[in-house]
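Structure record follows, encoded as structure tokens.
Read the figures in this text as sums done on the coordinates, not as results from a lab. Computed from a predicted structure; not experimentally measured. So basically every Cβ, Gly included, is an ideal-geometry build from the backbone, and we count neighbours across all protein chains shown.
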Ligand SMILES: C[S@@+](CC[C@H](N)C(=O)[O-])C[C@H]1O[C@@H](n2cnc3c(N)ncnc32)[C@H](O)[C@@H]1O
């Protein structure tokens with residue numbers, strides 16, 4: 001385990017953050033199935049979560065997969081999974097800028113994680129060929145796309161769900 005000191009480098013470790021050596025081999029491979037086009041070129045410009053911006057973003061699906069969109073029209077919301085390609089992958093404890101204390105990677109929605117997979121539930125405005133217009137995305141322009149799934153409010157919504165540390169923070 002490597003523990004590090006404060007750093008001014010945006011990709012460096014902050015006070016209290018801990019990085020570990022990743023495994024030597026990968027266990028699986030995946031395909032980028034497209035790219036997400038957004039107005040944001042720098043991480044600091046991005047919304048912190050999917051509800052923080054009303055910007056219309058475009059999901060450009062690789063045309064080879066376009067037939068996979070059949071049946072998705074008339075769907076109001078989609079779960080979008082994407083690969084945070086600029087995130088580091090070795091942190092186990094993190095100190096995000098906007099939170100006072102450090103926390104474990106799996107207690108956070110930070111892009112920095114062993115497999116930097118992000119998800120957003122986005123409103124689907126329209127589909128034109130292999131392009132989907134959506135609202136509710138928080139990533140850099142050009143972020144690789146991993147998957148698109150229909151959002152089922154009947155099974156995906158958990159209205160009484162709680163994240164303990166976040167509730168306490170708001171008291
Ligand atoms: C807190 S994460 C949340 C991501 C997703 N909504 C989730 O919950 O999994 C969003 C932040 O990740 C950062 N980010 C966006 N695109 C990125 C990319 N391609 N690589 C690394 N970091 C990225 C930006 O700072 C953005 O505000």
When 32, 82 are arranged by how many other beta-carbons sit within 10 Å of their Cβ, fewest first, they go 32, 82
Which value in nm describes the separation of the simple spin-label points at residue 31 and residue 64, placed 7 Å from the Cα toward the beta carbon? 0.5 nm
Using alpha-carbon positions, what is the distance between the centroids of the stretch 16-50 and the stretch 67-109, in Å? 8 Å
For the stretch 4-89, what does the alpha-carbon gyration tensor say about shape, rounded, prolate or oblate, given a ≥ b ≥ c as the root eigenvalues, a/c under 1.5 as rounded, and a/b over b/c as prolate? oblate
Along each principal axis of its Cα atoms, how long is the stretch 121-171 end to end? Whole angstroms, biggest number first, please. 46, 29, 18
Run the numbers for residue 152 and residue 56: contour at 0.36 nm per residue of separation, minus the present Cα-Cα distance, in nm. 32.4 nm
Output needed: percent of Cα pairs per 5 Å distance bin for the stretch 2-154, bins running from 0 to the one holding the longest distance. 2, 9, 17, 20, 17, 14, 11, 6, 3, 1, 0
Between 87, 107, 28, which gets the highest mean-square fluctuation from a Gaussian network model of the chain, Cα cutoff 10 Å? 28
Choose one answer from 121, 158, 135: the residue with the largest mean-square fluctuation in a GNM of the chain with alpha-carbon springs under 10 Å. 158
When the chain is fully extended, how far beyond the present Cα-Cα distance does residue 168 get from residue 97, taking 0.36 nm per residue of separation? 23.8 nm
How much length would be gained if the chain were fully extended between residue 86 and residue 41, taking 0.36 nm per residue of separation minus their Cα-Cα distance, in nm to one decimal? 15.0 nm
Ranked on Cβ counts within 10 Å of their own Cβ, fewest leading, 74, 109 go 74, 109
Of the residues 75, 155, 143, which exhibits the maximal mean-square fluctuation in a Gaussian network model of the chain defined by a 10 Å Cα contact cut-off? 155
Find the relative contact order for the stretch 2-154 and round it to a whole percent, using C-alpha pairs within less than 8 Å whose residues are 6+ positions apart. 34 percent
